Amino acid sequence: MKTIKTQINDFNQKCNVILESGENYLKKANEGIQLCNKALSLLKDKVEQHDFENVPEEIDFFKNYKPVPMSYLIYFTEVRSCELRMPKAGTSYKIEFLQKELKKINKFFYKNADFVHYMEQGYSYLDHQFFTRNQRDNFPFTPMTDYYQFPEFSTAQDMLWAKVKAMYRYIHHIREALKKLEVSNTEIFEEKKHKVLVWTAPKTALIELIYALYSNGALNNGSADINRITSSFEDFFNVKLDNVYKTYNEIKERKSSKTKFLEELMLNLHQKIHKEECV
């Protein structure tokens, strides 16, 4: 039987195929919801059949594994709802609708600021309360329409953690939707001040760097996934990265060095330091 880690890896691969396909948002969302429900059902069956050997193992599952498909389920559900409720005519009406969605997301993060801070700082002192089923009689969240949830397969905060991760992705979706409406970034996102930085090296090099940071857990204490890191780099460096997972596979299949760009960075930095020390 596949291990949980293998199941999550398989899920991520299939999810990336959906996300990088050329289908419209609504079709992607419908396919994504089906994939997520299937993945969660398999994880639920595995937990029911084998359960956990100890509390740390239970915490690890509900903190790091279940939220992966759960967060995508919430994300795809939000995207589907957004697409179905989007005004059918009038650019100004569509812009107003999407801006209201951003306000709702901001309210969500404001309401859960303490929990978001706890998770993104990598704390663990409350994990036994947040991510074990001992606290399931005291769920702090209200049921969310169309979200996959079973009390015996849930902890006090694994759903909330999944929604936090989903809302970061949903922000990127709304930004992309606004860009397609040709609304200027300065008008909508006044906080974005990185227009002077443009990625001029090959896109493959940037993807190599993204995967290096992801594998090292260098961002948000390892809680940031590939899609979130990629969208942040796209925003920061004003670049569009397509087929990220496919490019990563091509990197793995290189005949020569698989970390060419990273090695160049290291070599150039060593040379710079050496020159400065010799002055």
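The values are calculated or read from the model by the stated rules, or taken from the named source; none is laboratory data. Remember, it's a predicted structure, so these values are computed and weren't measured experimentally. Note that each Cβ is placed from the backbone with ideal geometry, even for glycine, and that neighbours are counted across all protein chains shown. These area figures cover heavy atoms from the full protein model, side chains too; ligands, DNA and RNA do not enter into them. Shrake-Rupley method; radii C 1.70, N 1.55, O 1.52, S 1.80 Å.
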Would you check if residue 155 is open to solvent by 80 Å² or more (accessible area, probe 1.4 Å) and either on the phi > 0 side of the Ramachandran plot or at pLDDT below 90 (or both)? no
Among the residues of the stretch 4-11, is there at least one that is modelled with pLDDT of 90 or more, surrounded by fewer than 20 Cβ atoms within 10 Å (Cβ to Cβ) and not aromatic (Phe, Trp, Tyr)? no
What number goes with the only condition from (1) within 26 Å of residue 226 (Cα to Cα); (2) open to solvent by 40 Å² or more (accessible area, probe 1.4 Å); (3) modelled with pLDDT of 85 or more that residue 146 does not pass? (3)
Hey, residue 174 in contact with a helix residue (DSSP H, G or I) (Cβ under 9 Å, 6 or more places away or on another chain), at pLDDT 85 or above, aliphatic (A, V, I, L, M) and open to solvent by less than 60 Å² (accessible area, probe 1.4 Å) or not: yes
Scan the stretch 91-105 and report the pairs whose first residue is within 13 Å of residue 181 (Cβ to Cβ) and whose second residue is modelled with pLDDT under 90 and assigned to a helix (DSSP H, G or I), with Cβ atoms within less than 6 Å and a gap of 6+ or a chain change. 98/177; 98/178
Which residue out of 58, 78 is out of contact with any strand residue (DSSP E or B) (no Cβ under 9 Å at 6 or more places or on another chain) and either surrounded by fewer than 17 Cβ atoms within 10 Å (Cβ to Cβ) or within 22 Å of residue 168 (Cβ to Cβ) (or both)? 78
Of everything in the stretch 243-279, what is open to solvent by 100 Å² or more (accessible area, probe 1.4 Å) and not in a helix (DSSP H, G or I)? Give them in sequence order. 253, 255, 279
If residue 233 meets every condition in (1) modelled with pLDDT under 90; (2) closer than 13 Å to residue 205 by Cβ; (3) open to solvent by 50 Å² or more (accessible area, probe 1.4 Å); (4) part of a helix (DSSP H, G or I) apart from one, which number is that one? (3)
May I ask you to verify whether residue 22 is free of Cβ contacts under 8 Å to residues at least 24 places away in the same chain, loosely packed, with under 12 Cβ neighbours inside 10 Å, over 18 Å from the mean Cα position of the chain (by Cα) and closer than 23 Å to residue 226 by Cβ? yes
